[in-house]
Amino acid sequence: MNYTTYLFDFDYTLADSSRGIVTCFRMVLTRHGYTEVTDEEIKRTIGKTLEDSFSILTGVTDPEQLAGFREEYRKEADIHMTVNTVLFLETKSVLVALKDSGARIGIISTKYRYRIKELLDQHFPINFMDIIVGGEDVQKAKPSPEGLILALKKLHATKSETLYIGDSTIDAETAQAAGVAFAGITHGVTTTKELSKYPHWKIMSSLEELLDGKEEKEQEQPSAIFKIEEPILPENAPSASKEKKMINIWQMLLLLFLFGLSCEEMKGTAKFLFPSLFILALWGISQKRKILPHKVTAYFAPWLHPFKVKLRAFRIGLIRGKAVAPNDNASCICQNCGTHYTGNYCNRCGQSRNTPRYRLSNALKNIAGGFFNIDSGFGLTLIDLLHRPGYMIRDFIGGKRIQYFRPFQSLFILAALYIMTVQLIDPEALTRKGQNATATQLTEVQRQLQKIDSQSQEELQATPVKNDSVLITATPQYNSDESLVDNLVNDGFQIIGKLEAFVQQSPFLMRVWNLLKSWAHGNKAFRIIATLPLFALATQLAFRRRKYNLNYNTTEHVFIQAYIACQILLLSIIVLPFYGHAQVNSLYELPSAVIFLLFWWDYKQLYSLTWWKSFWRTLRMFFYCLLLIIAFAMLSALLAIVAVYCIKPYIG
């Protein structure tokens, strides 16, 4: 590549923030009565200043009113922008490759610098970019070249060695005004035909084409002013031809570990889980570290490119989720109250305009909704829990709640469905559980009765007995090695036994006690809910660092864990017919390893982490869970000791 400095626009070039932009614009415009502006019209203004965008969309020209729109937009963006912005699939790999080659990279955008850094810090190390010029750093926005010239000055770069990459005609005008080369990218709404009207190095459909400039001939030659035969390097600039970054020790250990597991698995069974993981890890590391020769990657590139495009589209679809239905502006008469209105719902009674006649499909849906007391969001919630759980949880916590079912209601319904499935698949599981619990209780009672009987015999032996004139005293033999813990346990069991004896004297209290005890042991939802605060606090500790923290409070973390519990319970219901037997005593049907993988996957989507970072953070979360369990057990033991010493004088 002939360039040593690569400066990028942000929106629609490195990241797709259109969802967040449209959301913020829509809230401000709706608040002021501009409800007829379409999403496409909003997207066409991306890249302009907020004042220009609002002026185009509303026709307002008053500077004070436009400044008010801008402040309202900024407040909405603080809430909705970052969570609705996603990097394009190839962005990270291209930027890392450019950085590894010794090039300098930066961003020139009309977006605020702190908002750009807020997203980049979730995906890159701190200060990964050599420079970021935001809207607050310049007096004149693009197409003024002020931002580009400022970046060139701070990087000590020349115009001839700099390439500016953008998605709009405004970016092309900015590069032309600054006198630097321009490369267009068609991620946004601007077409290739529109971009090609300006001087350009090339028009790209993917940022990966930046890495192909050295090996492939460009179909469209750049203007003479942009053509560089030998780039002029500034003093102390890094060399563009840097040695390939070789594999590090951690990646070698990972490959050796997976290879060892693969060999062991192939010896015992014919499974191919670990061999597949080994091949995928080897391919990923070789791609990232550029171990494979260029001819090999070039040979597979035409085959892999369609899959990359589909994968990028699939990932963007996962992040965006189900789109909100467009507003129908046609006039309608509400079938419920007779009100004339425009939109999707009646503004008087709230009934949807879509009220079709009952047929078999919607009749079954209505019957199921009445039986389970659920609405249409329940099915969407279950589907999203299976393929985009982290993104769905982020949407729900972020405020998009109308289309999703609430987490605790979902948990209770899924627990009921689990019991119904158990009764169909393995009806004896509930009976076995009751028998096991009863047998355990009987065994414990028999053990306590034997201990009390032995203690009674010792007390009888300890009473004085007169034998003529000699007083014979049978002294009980105490074990001098008996510890304080044993004494506390014995005292505790005696207190519990006396309390149960007191309860058994009242038939009503006995029935209430048995009901509460059986409900606590048999209610699966109750046991799952009892674990949610533990996982919530552990997650909050594991992701407490600023670059991972999304400002979720403890209550929001509990709701997050409730959705994750719903996901695990849903998968438990799905796999139950394949198992053929139920484990009612266990919290879930799934193995611990599968539960760890689900948490790993959920946190990866929720916090927008790499698989590697999400793995370590999930591992840390379970470690904190272990510490919290130990702390809770110690606190419970301490409270039990205090309770025994406080109650014993009154009962004994």
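Computed quantities for the displayed model
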{"read-out": "Met204 long-range amide H proximity, modeled H, under 5 Å", "value": "Gly184, Ile185, Thr186"}
{"read-out": "Estimated distance in nm for a label pair at Gln423 and Gln335, the labels positioned 7 Å out from Cα along Cα-to-Cβ", "value": "3.5 nm"}
{"read-out": "Förster radius 35 Å - calculated FRET efficiency between Thr191 and Leu541 (Cβ-Cβ, nearest 0.05)", "value": "0.10"}
{"read-out": "Long pairs among Lys75/Lys604; Lys48/Lys604; Lys92/Lys193; Lys154/Lys400; Lys75/Lys310, criterion Cα-Cα beyond 31 Å", "value": "Lys48/Lys604; Lys154/Lys400; Lys75/Lys310"}
{"read-out": "Under the Karplus curve 6.51 cos²θ - 1.76 cosθ + 1.60, θ = phi - 60°, whole-Hz ³J(HN,Hα) for the stretch 96-104, x wherever Gly or Pro sits", "value": "5, 5, 5, 5, 5, 7, x, 6, 9"}
{"read-out": "Peptides ranked, highest mean first, by Cβ atoms within 10 Å: ranges 183-190, 298-305", "value": "183-190, 298-305"}
{"read-out": "Relative packing of peptides 65-78, 45-58 - highest average C-beta neighbours within 10 Å first", "value": "45-58, 65-78"}
{"read-out": "For the stretch 148-188 and the stretch 395-425, distance of Cα centres in Å", "value": "51 Å"}
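No lab work stands behind these numbers, since they all come straight from the coordinates. All values derive from a computational prediction rather than experimental measurement. All Cβ positions, glycine included, derive from the backbone under ideal geometry; neighbour counts span all protein chains shown.
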